[in-house]
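Rule-based calculations on the coordinates, nothing more; no lab input. Note that the coordinates shown come from a computational prediction; the quantities given were computed from them, not determined experimentally. Here Cβ is always computed from backbone atoms with ideal geometry, including for glycine, and neighbour counts include all displayed protein chains.
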Amino acid sequence: MHKPPKVRVQISGKGSQILKLRSLSGDITRRVPDTLTASTWSIQLDPDEVELALPKGADVRVMEVRPSEITLALDSVARKDVRIVSLVTVTPDSGQVLHGGLSMTPTTVRLVGPEKSLARIDSVTTVPMEITSVSGEFTRYVPIDTMPLGIVRLSPKQVTVTGDMGRTAERSFAGIPVETGAGAITSFIVTPARVSVAVRGPEERVQALTRDSLRVVAHITGTSGGSARITVIAPRGITARAIPDSVTLRRRGKPATRRG
């Protein structure tokens, strides 16, 4: 930005008060709006605003400011939208769990500044924040960390983080069949063929689960059988484990051929 012009102020008051201000020089400070992208910026100068900047106890009135409007020529700027990385963490109290993770809005921010400065910025972060001692639905307003940005301006300056903290529950389902993920296992004899599944998660989601909500998948890596690790596919937000966590596979024999 180019050096702003000087302005003159006409004041009215007692002679002794005016004499004290004859050699007074000061600054009128304005902050460039974060959303401004034009190459010029016009400022209205109000006498009341100048009067507030006078020394405390000065018994004078500001009658006029000349010029009453100035236009500043700004350095050329560019705009760039980048993603926001959240540094917000949640520590649940004992017996509680965060439902579905944290949500953040917005997820991108607009940067305004010199093109060379913007080229070095791929993302911004929130300030680090730990959320504790919450229950039910909650909202936090988290500032974006502007320290690394230098002269680059951004909009908006904060994000809204929301979540839902609820009670946890556990259940167990017995006799869930072991499969391949694409269907029943037909080439091997599986031992055990059915396993138990322990689930844990938000209380209302756990209570809504049925046997059909869970699938136990064996990870078969060879063709001759042996031991295979099994995992459980469960709805989002549910933690599930199989008991036992592995099965034994034995290759089925080929049926005997009849002789005529």
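With +1 on the Cβ of every Lys and Arg and -1 on the Cβ of every Asp and Glu, and nothing else charged, how large is the dipole of the range 168-251 about its Cα centre, in debye rounded to the nearest 20?
Values: 11 positive and 6 negative charges, 39 e Å.
Dipole of the range 168-251, to the nearest 20 debye: 180 debye.
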Query raised in the report: Residue by residue through the range 97-112, which ³J(HN,Hα) values in whole Hz follow from phi under the Karplus form 6.51 cos²θ - 1.76 cosθ + 1.60 (θ = phi - 60°), with glycine and proline marked x?
Result: 9, 7, 6, x, x, 8, 10, 10, 9, x, 9, 10, 9, 9, 9, 10
Report summary line: Averaging 1/r across every pair of distinct alpha carbons in the range 84-148 and inverting yields a Kirkwood hydrodynamic radius, in angstrom, of 13.9
Query raised in the report: Quick one: Karplus J couplings for the range 91-96, per residue in order, coefficients 6.51, -1.76, 1.60, θ = phi - 60°, nearest Hz, x for Gly and Pro?
Result: 10, x, 6, 4, x, 10
